[in-house]
Amino acid sequence: MHIWAEGVVARRWAGARLMRLEALKGDASTRRFWRGVIAGANAGAPRSVIAIDLGPDDLPLYARALNLVPQPLPEPPFVSVHRLMQRVGIAVPALFAAAPAERKLMVEDVGELSLYAAVKAQPARAAELYRLALDELLKLHAYSAPVSRRDCIAWSIAYDQRLFRWEMNRFVEYGIPAIAPGTESETLSAELDRLAQSLGALPRVLSHRDYHYQNLFIQEHGGGVRIRVIDFQDALMAPAAQDLAVLLTTRDTGTFIVPDLEAELRDYYFTAASRAGIATLDRAAFAQSYRWCVLQHALKVIGLFVFLEQSGKSGYKAYLPAAVGQARRMLQDENKFPALRGVLSKV
């Protein structure tokens, strides 16, 4: 990676020199990241860049397992979705260089102040900063391309019943044995099918899919602040509430997005979406879709986090109580899933 990145810097910015690459901690994917520190640059060169190794696969596991996209792809999804995001007006990092054959990218460094870090440092700003995140999300959800436009992979993948149900397989295979050993998973199968069917029937918008606090960064801009968005390469068509559920409830978000603030932010999104003509459900139906999305996401990550821990990736176990708590909360007044409610009430 160093030789490639060194060449990109020298070619792109006259007089610039790559001093070093510093490995960055990734998340659950096989992609790897480095921060490249630049010295001797002219006025047009950044002080640092991010180098990315795309890993062995262009498509995420679910897309490969369900054969959602014909392969080979004409270009990496990152490049395709990046072009789309720029067209929408989302503040994604600039793409400085792409070498698909070598599985390498170089992008703008958006800094180290994630939404999580910003809110943790200043909890009183949670509502303000999360509204900014929702404003950016609304741009994405409001974007509608003609049916004939299929120049981005995101248009061709739907978060449908089959995908929702596939994601919950890990909850059955890994999550249940870890959090509720002895439970007969067959008793939950019909209810998980029903949840996936309900979600798959919802109208869809263009979705980031992983719109959470570690994929959103805060930057000073024009005398204020703005949200920068990363990790967008898995964008697809999904229910509007799916991105909202991830943003407001994933991992330990509940430590600062308390129920009253969650309701306020959900209402902020729905009101803005209605004004923009995005909302295709009434307020009550949207609230129900949100509860289903939070529940499905919680079940998915319970299974995923247990799987990752068992695969040798540590740190995810700490989020299990929060995910179980979110699922239980969504099931409190839900009559469609009594078996699931019974199992989680004992955890």
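The values are calculated or read from the model by the stated rules, or taken from the named source; none is laboratory data. What you see is a predicted model, and the numbers here were worked out from it, not measured in a lab. Cβ atoms come from the backbone with ideal geometry, glycine included; neighbour counts cover every protein chain shown.
Quick notes on this structure:
- Each residue in the stretch 30-71 was checked for being surrounded by fewer than 18 Cβ atoms within 10 Å (Cβ to Cβ), touching a residue at least 60 places away in the same chain (Cβ under 8 Å) and of a type in the set (A, V, I, L, M, F, W, C), and 3 pass.
- Residue match in the stretch 104-118 (condition: outside any helix (DSSP H, G or I) and closer than 30 Å to Ser345 by Cβ): no
- Members of the stretch 78-99 found to be under 17 Å from Asp57 (Cα atoms), touching a residue at least 40 places away in the same chain (Cβ under 8 Å) and outside any strand (DSSP E or B), listed by number: Phe78, Ser80, Val81
- Verdict on Gln326 being farther than 28 Å from Glu128 by Cβ and assigned by TED's automatic domain parsing to the domain that holds Leu206: no
- From the options Leu132, Leu195, residue that is in contact (Cβ under 8 Å) with a residue 40 or more places away in the chain, in a helix (DSSP H, G or I) and buried (at least 22 other Cβ atoms within 10 Å of the Cβ): Leu195
- Single match in Gln214, Gln219, Gln197 (criterion: among the polar types (S, T, N, Q) and more than 24 Å from Gly254 (Cα to Cα)): Gln197
- The residue that is surrounded by the fewest Cβ atoms within 10 Å (Cβ to Cβ), among those in the stretch 238-296 that are of a type in the set (Val, Ile, Thr) and either more than 15 Å from Ala127 (Cβ to Cβ) or outside the structural domain of Gln214 (by TED's automatic domain parsing) (or both), is Thr280.
- Any hit, the stretch 142-161, residues being closer than 30 Å to Arg11 by Cβ, assigned to a helix (DSSP H, G or I) and not assigned by TED's automatic domain parsing to the domain that holds Val324: no
- Whichever residue in the stretch 292-327 is more than 18 Å from the chain's Cα centre (by Cα) and among the basic types (Lys, Arg) and, among such residues, is farthest from Leu188 (Cα to Cα): Lys313
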